[in-house]
């Protein structure tokens with residue numbers, strides 16, 4: 001029998017198991033909204049007690065599936081427009097988006113901390129168009145490894161909320177300085193959403209990591225105040241379009257969350273300065 005892979009507990013990396021379990025759990029339903037056989041396979045190879053997650057995260061599970069559905073849709077629309085696009089998955093964890101969207105032509109980079117990439121290597125091998133980068137996204141020397149042939153899209157699911165606002169702002173500005181033009185698609189929590197996530201998801205889910213700090217954003221439009229090159233293209237609630245077939249309790253919770261603006265998906269674009277555009 002193949003030995004299962006052990007997971008380090010009490011760290012941010014442990015949280016990568018939450019969306020992985022959410023996708024695997026959804027896949028095994030009789031009428032799943034998302035099918036992710038890779039997630040099911042990986043769960044079966046990991047030595048980890050998922051019982052706390054299974055007991056406490058029935059509601060959050062729908063959110064993780066929704067985020068994947070929205071991300072898949074965004075990425076597919078992007079590579080339809082830019083067939084040879086480059087996509088960078090920031091804080092990839094054990095994400096499996098590439099296997100669901102690959103068009104056979106794009107470049108796809110998985111970016112995460114060295115320990116996480118080492119864990120991913122137990123389940124994936126790099127290829128010419130699907131590569132891993134072991135680095136904090138804040139250590140922007142990894143920019144030099146990104147090959148861009150067509151459009152450039154950055155994905156970040158469940159990542160930015162663990163950092164401070166200044167760190168995210170500085171990162172976006174560095175991206176703008178280096179790449180000049182690109183798109184971002186990521187999820188954000190309001191300050192109220194941050195408090196809820198720490199208590200209901202991390203603590204009840206048995207995660208032993210620190211509950212301090214984090215980035216809560218409201219309103220989303222305030223991102224444009226950070227730099228004139230930043231433009232919010234679209235923002236919508238995470239539960240948009242996924243309420244069919246979910247329990248009434250989730251529908252009610254989502255309605256309240258939507259009303260309060262607790263959790264949103266954001267499509268953001270970085271483009272050249274307006275003053276530069278006028279001079280060209």
> If only one of 144, 164 is over 30 Å from residue 6 (Cβ atoms), surrounded by fewer than 21 Cβ atoms within 10 Å (Cβ to Cβ) and modelled with pLDDT under 95, which one is it?
Replying inline: 164
>> Looking only at region 1-19, count every residue that is in contact with a helix residue (DSSP H, G or I) (Cβ under 9 Å, 6 or more places away or on another chain) and either in a loop (DSSP other than H, G, I, E, B) or modelled with pLDDT of 95 or more (or both) and tell me the total.
In response: 5
>> Tell me whether region 62-82 contains one or more residues that are touching a strand residue (DSSP E or B) at 6+ places or on another chain (Cβ under 9 Å), under 25 Å from residue 171 (Cβ atoms), at pLDDT 95 or above and not in a helix (DSSP H, G or I).
In response: yes
> Taking into account only those residues within region 203-215 that are at pLDDT below 55 and buried (at least 16 other Cβ atoms within 10 Å of the Cβ), which is farthest from the chain's Cα centre (by Cα)?
Replying inline: 206
> Hey, among the residues in region 33-49 that are within 21 Å of the chain's Cα centre (by Cα) and assigned to a loop (DSSP other than H, G, I, E, B), which one's farthest from residue 4 (Cα to Cα)?
Replying inline: 33
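Looking at region 176-202 only, could you name the residues that are in a helix (DSSP H, G or I), modelled with pLDDT of 95 or more and touching a strand residue (DSSP E or B) at 6+ places or on another chain (Cβ under 8 Å)?
Correct list: 176, 179.
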> Within region 125-166, can you find the residues that are farther than 20 Å from residue 186 by Cβ, in contact (Cβ under 8 Å) with a residue 12 or more places away in the chain and part of a loop (DSSP other than H, G, I, E, B)?
Replying inline: 129, 147, 149, 150
>> Give me the residue from region 94-124 that is under 20 Å from residue 167 (Cβ atoms), in a helix (DSSP H, G or I) and in contact (Cβ under 8 Å) with a residue 24 or more places away in the chain and, out of that set, nearest to the chain's Cα centre (by Cα).
In response: 116
> Among (1) closer than 22 Å to residue 271 by Cβ; (2) out of contact with any helix residue (DSSP H, G or I) (no Cβ under 8 Å at 6 or more places or on another chain); (3) surrounded by fewer than 21 Cβ atoms within 10 Å (Cβ to Cβ), which single condition is residue 127 missing?
Replying inline: (1)
> residue 14: touching a residue at least 24 places away in the same chain (Cβ under 8 Å) and more than 17 Å from residue 91 (Cβ to Cβ), yes or no?
Replying inline: no
> When residues of region 20-32 are filtered for being farther than 14 Å from residue 62 by Cβ and either out of contact with any helix residue (DSSP H, G or I) (no Cβ under 7 Å at 6 or more places or on another chain) or part of a loop (DSSP other than H, G, I, E, B) (or both), how many remain?
Replying inline: 2
> Can you pull out the residues in region 216-237 that are under 22 Å from residue 182 (Cα atoms), surrounded by 18 or more Cβ atoms within 10 Å (Cβ to Cβ) and modelled with pLDDT under 95?
Replying inline: 217, 220
> Hey, does region 39-55 have a residue that's over 28 Å from residue 128 (Cβ atoms) and buried (at least 22 other Cβ atoms within 10 Å of the Cβ)?
Replying inline: yes
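The values are calculated or read from the model by the stated rules, or taken from the named source; none is laboratory data. Note that this is a predicted model, so its numbers are computed, not measured. Please note: Cβ atoms are built from the backbone with ideal geometry, for glycine as well, and neighbour counts cover all protein chains shown.
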